[in-house]
2 protein chains.
Amino acid sequence: METKPLVRKLGALVALTDVELRVLDALHKRRRTFATGRDLVHQGRADQATYILVSGWAVAYKILEDGQRQIIDFLIPGDFIGLRGMVSHLSDHSVEPVTDIEVTEVLVADFMTALADTPRMAIAVFWATSRDEAMVVEHLINIGRRDAAVRVAHFLLELGARLALVGLGSKAGYACPLTQYLLADALGLSSVHVNRVLRQLRDKGMVTFRDGFVTFDDYGRLTEFAGFDPEYLDQIGPLLK
Amino acid sequence: METKPLVRKLGALVALTDVELRVLDALHKRRRTFATGRDLVHQGRADQATYILVSGWAVAYKILEDGQRQIIDFLIPGDFIGLRGMVSHLSDHSVEPVTDIEVTEVLVADFMTALADTPRMAIAVFWATSRDEAMVVEHLINIGRRDAAVRVAHFLLELGARLALVGLGSKAGYACPLTQYLLADALGLSSVHVNRVLRQLRDKGMVTFRDGFVTFDDYGRLTEFAGFDPEYLDQIGPLLK
């Protein structure tokens, strides 16, 4: 059995048993692919499917009344897509692939049965969604309180920590398909501003984002500069060994 | 059995059975009270308790590296306090009572057993936490994209919808103990600015916030002005009747 990103992610909290691994595996049956730019979750529509992202990157966003777009988060392998839609009538946001992506469609009934059958895994899923909320809180603080350079640094570090958890990054860096436009939209900055800040961070020898790669030139100093405390991404759960 | 706010809230999604009502009731055994200004959850501390807010208001906030405070959300009866702390090592935020409050302390072991024993209720709890995340997303958008007047209007409407769900508000209005300072801190505005915006909204005949009461003078017009779509607070669950 290949190690799927969601298995790695939940496995960081819970020492998954064979039964739980089989249940997780059974959720990964309905593979689908979506091409860049083709929304797979649609804001305002009912009965949206829920997916687990297996490979590639996506972006969750919301279109406001006046047509402006606010990016809520980027989604990486191991993340749920449209999970909130499972428990509400209409989706309150859209999701678009940033790269071509591979997903597994999860049927509500299957998912509910899986959670009911494996309470420990249910808690791990709950932890994963709590972590998503903690990230949105950090983004709120990013936009509300941090200056542009700290904002960009914090964001790149957060992505790195998330990717490391699913084996796609390290303190050296990670492959990152995001454009400066997407970064700008997520951080409430102009892309010109993002460009200037990235140049500053590179000139200071802290981080380089170039040609689809984020390289942490000095992880320790960048962490200190950003006031980045990965506690809110904490993958060490005290509950379930 | 009195109708507790959390029971009303979860009951809006799930038609709770007698068994589930008893399990919920059993969670409400350890009553405690906290006075205004005395933190009951502490950012950065381990092994924080989890509570259900029974009466009164509280504020969840985070202190940044530079000492600034960002309010994440206000908590009203029926809300969980410190639920994320249950699945992470250290609390990533603090919670302080805005008024004297009454809470029920929930022991982790009791809560986990309750969820494992009543999968439908577990889904309702999951829905409640998803809704919390949806609210933080709205606050992100509020700060990132909406102008001051729309921001204040949207916030007052959201509070009204949340309070209505637990029987503490209606489209006429609600009792609200928040100061203009707290409102300002939550919305990323100065209190002088909040004061000016509240006067504008009142002069336009849309909403009046005075002497601890929010009165919706014209709920329909305020909703339109704010672009408020209560969909993200949707309490009508398709899953569980």
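Taken together, the values in this text are just the output of simple stated rules run on the coordinates, not laboratory data. Just so you know, these numbers come straight off a predicted model, no measurement behind them. Positions of Cβ are backbone-derived with ideal geometry, glycine not excepted, and every protein chain shown enters the neighbour counts.
Summary table
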item: Low-density loop cleavage sites - trypsin sites (Lys or Arg not before Pro) in segment B:1-65, where at most 14 other Cβ are within 10 Å (DSSP); result: B:Lys29, B:Arg38, B:Arg45
item: Shortest-first nm distances, B:Gly67 label point to equivalent points in other copies (7 Å, Cα→Cβ); result: 4.5
item: Label 7 Å beyond Cα on the Cβ vector: B:Ala46 copy-to-copy distances, nm; result: 4.9
item: Residues listed by number, segment B:164-195, amide nitrogen under 12 Å from B:Asp217 label point at 7 Å toward C-beta; result: none
item: Per-selection Rg to Rh, chain A - Cα, Kirkwood hydrodynamic radius; result: 0.96
item: Histogram of C-alpha separations across segment B:59-145, 10 Å bin width, %; result: 14, 42, 34, 9, 1
item: More than 22 angstrom apart: percent of Cα pairs within segment A:5-119; result: 34 percent
item: Per-pair calculated FRET efficiency, R0 = 45 Å: A:Asn195 and B:Thr17 via Cβ, rounded to 0.05; result: 0.20
item: Lys/Arg +1, Asp/Glu -1 at C-beta; the protein assembly as shown dipole; positive extreme among B:Ala128, A:Val19, B:Phe225; result: B:Phe225
item: Kyte-Doolittle mean at least 0.0 and Cα axial length at least 24 Å: DSSP H helices in chain A; result: A:119-145, A:148-165
item: Global form of segment B:172-236, assessed from the alpha-carbon gyration tensor, a/c cut-off 1.5; result: prolate
item: Sum of -39500 (n - 2.57) over DSSP H runs of 4+, divided by residues of chain A (222 nm, nearest 500); result: -13000 deg cm²/dmol
item: Peptide A:126-136 - average C-beta neighbours from other chains (10 Å radius); result: 6
item: Rg(Cα)/(2.2 N^0.38 Å) for segment A:128-233, N = residue count; result: 0.98
item: Gaussian network model of chain B, Cα within-10 Å springs - most flexible of B:Asp66, B:Asp110, B:Asp132; result: B:Asp66
item: Computed lengthening from A:Asp66 to A:Arg38, 0.36 nm per intervening residue step minus Cα-Cα distance; result: 7.9 nm
item: Rounded to the nearest 20 debye, dipole of the protein assembly as shown from Cβ charges on Lys, Arg, Asp, Glu; result: 240 debye
item: Antiparallel DSSP beta bridges within segment A:128-233, percent to nearest 5; result: 100 percent
item: Other copies of A:Gly205: label-to-label distances in nm, shortest first, labels 7 Å along the beta-carbon direction; result: 6.7
item: Those lysines that a straight Cα-Cα span of less than 27 Å connects to B:Lys9, excepting residues fewer than 8 apart in one chain; result: A:Lys62, B:Lys29, B:Lys62, B:Lys171, B:Lys241
item: Estimated vicinal HN-Hα couplings, Hz - segment B:29-42 in sequence order (Karplus 6.51, -1.76, 1.60; Gly, Pro = x); result: 7, 8, 5, 9, 10, 10, 8, 3, x, 9, 3, 10, 10, 10
item: Between segment B:95-122 and segment A:149-225, the Cα center-to-center distance that results, in Å; result: 38 Å
item: Semi-axis lengths (Å, descending) of the ellipsoid that matches the C-alpha gyration tensor of the protein assembly as shown; result: 32, 29, 22
